[in-house]
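Everything below concerns the one structure shown next.
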Amino acid sequence: MRYLPKSDADRRELLKAIGARSIDDLFAPIPAEYRLQRDLKVPRQMAESEIVDWYRERSRENGDGYCAFLGAGAYSHYRPVIIDSLISRGEFLTAYTPYQAEISQGTLQSIFEFQTMICELTGMEVANASMYDGSTGAAEAVMMAARLTGRRSVVIARSVHPEYREVLATYAWHQGMPLSLAGFSKTGRLDLKALEEGINADTACVLIQSPNFFGTIEDVEAIADIAHRKGALLVVSIAEAVSLGIVEPPRQADIIAMEAQSFGVPLGFGGPYCGVIATREQFVRQMPGRLVGQTTDRNGKRGFVLTLATREQHIRREKATSNICTNQALVALMANIFMTVYGKVGLKELAKQNLAKTAYAAEQFGRHAKVLFAGAPRFNEFVVETSEDPYAINSRLLGHKIVGGLPLKKFYPELGNAALWCCTELTTRTSIDTAVAMVAESERSVQSGKEAEVTEEVTR
Amino acid sequence: MKHMTRKATRHVSQNENLIFEKSSPGKAAWKLPPLDVPEVDTSKLLGASERKDLGNMPEVSEIEIIRHFTRLSTWNYAIDLGMYPLGSCTMKYNPRVNEAVARLEGLANAHPYQPEKISQGGLRIIKTLSECLIEITGMDAITLQPAAGAHGELTGLLMARAYHQSKGNPRKKVLIPDSAHGTNPATAAMVGYSVENLKSNDRGIVDVAALTSQMNEDVAALMLTNPNTLGVFEQEIHKIADVMHAKGGLLYMDGANMNALVGKVRPGDFGVDVMHLNLHKTFSTPHGGGGPGSGPVAVKQILEPFLPKPVVVTKTDGTLGFDYDRPMSVGRVRAFYGNFGMFVRALAYILANGPDGLRQTTEDAVLNANYIRKGLEGVYDLPYPTPTMHEVVFSDKLQAKKGVKTGDIAKRLIDYGFHPYTVSFPLIVHGAMMIEPTESESKEEMDLFVEAMRSIAEEVDEDPQTVLTAPHSTRVSRLDEVAAARKPILRWKPAE
């Protein structure tokens, strides 16, 4: 086996040194009746070339070469080449959690920079080293709010990613944490009246997403005002991190739970991604997840360590702020490099291109179909309502190697034939025009179908 | 230094400031293509939501970024540099073909919501890995959705709770041995269970009599790591399972130490009802400085209805798809389907090994731990002489007489060119030194490690100060963790 650095002679020598007759001696503690006396039924040992071939085949079967208008919590942005060059360095890739600070300064300093940039972008005072993803980060942020307020219930905007809401429901299930929903208005924004009515004296926090699931930017100031007036905290989920380049961050939030996938992390069929929680300094001791802090060594030299570990499971066990241990460090490093590459000016320009492509696409679609939620600003997603079932339109688009917008019926039955479309800097005008043409054709044929029916009616 | 190491030689490492300290206006590492759609007036589009300023985000060029992170990387120890004997962490070789295949266009760029019709490759990977892991664990069904081991524990206990709930009573407690990893009690608390400690016996394993007396109808499950954190196989596992099952409880196995078992024995065969695996330990996906992990949860048939949704199924037309219609499911534990990129890597590892390679891997891991044990026995105190599987736990008892603790020995090990073992864990061993070499170490590397550990023991006798002030060869000396926690500086700020 090519990964094992031992010859049979080595193995015999080791056994001899140990004083064992055979390898079976070492497995003697396992009761004999349980010892497996056969080969595992897994595929036979394959050569590297065979493995690569097998995966190439799977890759070809997996949407290779399609242009997708899908967003909804997973965004297709360009990934600068140096991200993979740098994260492939074995010193980053094959290191453990930086508990031994003296030989982990590389990882520690990079996390410190990551925390700093997340603070700069979100307008928060502290950020952690990462959470699993945006969905679990949001759930943990809500539980953090419950600890901070001593209150139990949560009001969730229906415009929060439906799968994030499902995850929160799972987490809340056995915490005795009642969840209630607040709907959205005609603008796609949270219905402030419903919110106001939804909050009571037991509401620990309000959870919203901005830009929300429909791509609409929420009026965070107004929402924060309502929540805070009633003594509840405001937790804001950000699923599309690139929006932070041009959209004012939710500075009025108490906790921000973010998904940093947009920052140079491959779509990868849904993961691994990179959640992160940011908050105010006063709340840091209730924050879940690892934190890196600056300190000095014995000679006064600057260095970095994992800190405030008394919040964590390996110290506090059942009293910890969360059970999280392994996080998404290498993915956070990808995001860190991405943020460094684009920086202060590039992130803004990148976000502007997303805005321009989306504005163009929304306008073009709007000529032939109904673009919903026009009354509020949006970032790089928009909802198009067609006369025909979007699944039918999408299956025709597939023939052009285009994946159309996400049909929303599954999550929002009342939105009928609406679909969520996303454009990023990678979306070309040509593909937008092709998709728009298909939608236009669909509308025309539905229209002429209706006309034909009318004509039939008249002649009858 | 009298005791010089054969493993390592000091060399120059580059200094490097924080990236913000290298930034200056006008530098850039990016270039966008020209827009092929009309420019937009952002303030008109966004109004009050428009962001004007990105604060102190850096402005640097590409070569500076390359040097910055390359320099930082050289400050890390890594498996690629040498033995990384962290107990219960299974720091094994991370094969590079795994990285190559995970980056294939159709896998790396696949959107989670793309139609199933054009996702058959991804679904096939999920299905194949699931089948392999079910066979390896001897269980009946599996979810790959949890993002890490602790997340798997949460999922597993949620399922246990849902199972009990379906029988009319969720029960109140979870039993956890005192040798357990901290995530176990933290997880039980998150699922709304109170934690009851289970004392180990003098051989370091579960005391079946104590278990029997503590087990009752209030107990939902026992969370057991097997082999446990002492590297000891729970020899009375069948009795343990029987005690749990007799009172309707479930046996949860923390699979952190599965590297001792693959291909040799299957938890499903010795009575485990639910368990998680750590793909970033046993199945070679890289730890990456702390993550990402992946924590699949395998279950027996009785728990199958409660698996998180969706699950992958074969449809009537023979294609694969997601099934969301799972009325008994505990729900979702993560958006989308889990850390798919880690599934790709773990399956590549299984394919590279095959049944014979997996078995040989386990045998070598156990052989290596026993070889280390033999090499250090007598020099360091071995608190539990019970047979060792994949890791061995010594204590600093002999060295503590000279005022040298496990943490000091660990720091001194750095000067000898090794990453330390796991320090002060498990908690049942005072001054624990927990060593897991994994199968990835050659005899030569282990001999160097034993030589280093023996040399440090001599230093403790002759010159304890050298050990107490270690490390001496690193960029920074011991860092002031107390000050870091007392006045936390958690981000860079520009000088005022």
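None of the figures in this text is laboratory data; all of them are computed from the coordinates on show. As the structure is a computational prediction, the values presented were derived from the model and not from experiment. Neighbour counts are summed over all protein chains in view; Cβ atoms, including those assigned to glycine, are modelled from backbone coordinates with ideal geometry.
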One-quarter of the Cα convex hull surface for the range A:190-275, in nm²?
6.0
For the range B:74-147, Rg(Cα) over 2.2 N^0.38 Å is 1.46
For the range A:34-160, calculate the relative contact order in percent as a whole number, restricting contacts to Cα pairs under 8 Å that are 6 or more residues apart.
8
Gyration tensor (alpha-carbon) shape descriptor, the range A:134-287, a/c threshold 1.5:
rounded
Could you pull out which residues in the range A:287-313 have an amide N less than 20 Å from a spot 7 Å beyond the Cα of residue B:486, following the Cα-Cβ vector?
A:292-311
Using only helices, what value at 222 nm comes out for the protein assembly as shown when you add -39,500 (n - 2.57) per DSSP H run of length 4 or more and divide by the total residues, to the nearest 500 deg cm²/dmol?
-11500 deg cm²/dmol
In whole angstrom, note down how far apart the Cα centers of the range A:138-185 and the range A:4-79 are.
39
Summing +1 per Lys or Arg and -1 per Asp or Glu among the other residues with Cβ less than 10 Å from residue B:276's Cβ gives -2
Where labels lie 7 Å past Cα in the beta-carbon direction, separation of residue A:385 and residue B:27 in nm:
5.2
Does the range A:83-184 come out rounded, prolate or oblate, given a ≥ b ≥ c as the square roots of the eigenvalues of its C-alpha gyration tensor, rounded meaning a/c under 1.5 and, failing that, prolate meaning a/b above b/c?
prolate
Please compute, for the alpha-carbon atoms of the range B:79-217, the extent along each of the three principal axes and give them in descending order in Å.
56, 47, 26
Where a ≥ b ≥ c are root eigenvalues of the Cα gyration tensor, a/c under 1.5 meaning rounded, otherwise prolate if a/b exceeds b/c and oblate otherwise, the protein assembly as shown counts as prolate
Quick one: check the C-alpha center-to-center distance for the range B:451-496 versus the range B:345-366, whole angstrom.
37
Go ahead and run the numbers for FRET between residue A:445 and residue A:37, Cβ-Cβ distance against an R0 of 60 Å, rounding to 0.05.
0.40
Just checking the output field for B:149-160: average partner chain Cβ neighbours within 10 Å of each residue's Cβ?
3
Averaged over every viewing direction, what's the projected area of the C-alpha convex hull for chain B? Give it in nm², one decimal, please.
29.7
Can you give the mean number of other chain Cβ atoms that lie within 10 Å of the Cβ atoms in peptide B:441-451?
2
Tell me, what is the FRET efficiency for residue B:209 and residue B:131 to the nearest 0.05, using R0 = 35 angstrom and their Cβ-Cβ distance as r?
0.35
In nm, spacing of pseudo-spin labels at residue A:349 and residue A:251 (7 Å Cα→C-beta vector):
2.6
Length gain on complete extension for the stretch residue B:202 to residue B:218, per 0.36 nm per residue less the alpha carbon to alpha carbon distance?
3.1 nm
Would you please report the Å³ per residue occupied by the convex hull of the alpha carbon atoms in the range B:174-285?
96
Could you give P(r) for the range B:398-496, binned at 5 Å from zero, as whole percent values over all Cα-Cα pairs?
2, 11, 18, 20, 18, 13, 7, 5, 3, 2, 0, 0
Overall dimensions of the range A:313-458 as given by Cα atoms, namely Rg and Dmax in Å
21.4, 80
Where in the range A:226-241 is the amide nitrogen less than 15 Å from a point lying 7 Å along the Cα-to-Cβ axis of residue A:149?
A:226-237
Let me see the pair-distance distribution of the range A:60-119: every alpha carbon pair, 5 Å bin width, integer percents in order.
4, 12, 14, 17, 18, 12, 11, 8, 3, 0
May I ask you to sort A:171, A:391, B:252, B:193 by Cβ crowding, counting other Cβ atoms within 10 Å and putting the fewest first?
A:391, A:171, B:193, B:252
Inter-label distance, nm, simple model (7 Å from Cα along the C-beta direction), residue A:88/residue A:44:
3.1
In Å and from the alpha-carbon atoms only, list the Rg and Dmax of the range A:300-373.
21.9, 67
Enter the mean number of other protein chain beta carbons within 10 Å of the beta carbon of each residue in B:58-66, as an integer.
4
For the range A:1-155, compute the orientation-averaged projected area of the C-alpha convex hull (one quarter of its surface), in nm².
19.0
Cα pair distances of chain A binned at 10 Å [whole percent]
4, 17, 24, 22, 16, 9, 5, 2, 0, 0
Tell me the relative contact order for chain B as a rounded percent, counting alpha carbon contacts under 8 Å between residues six or more apart.
19
Estimated FRET transfer efficiency (residue B:39, residue A:2; beta-carbon r; R0 56 Å; 0.05)
0.55
So what's the angle, to the nearest 10 degrees on a 0 to 90 scale, between helix A:48-60 and the longest Cα principal axis of chain A?
20
Debye equation applied to the C-alpha atoms of the range A:14-99, log10 I(q)/I(0) at 0.16, 0.21, 0.22 Å⁻¹:
-1.06, -1.15, -1.15
Among B:214-223, B:301-310, A:439-448, A:237-246, how do they line up by average Cβ neighbours within 10 Å per residue, starting with the highest?
A:237-246, B:214-223, B:301-310, A:439-448
Find the centroid of the Cα atoms in the range A:287-363 and in the range B:386-446, then give the distance between the two in whole Å.
31
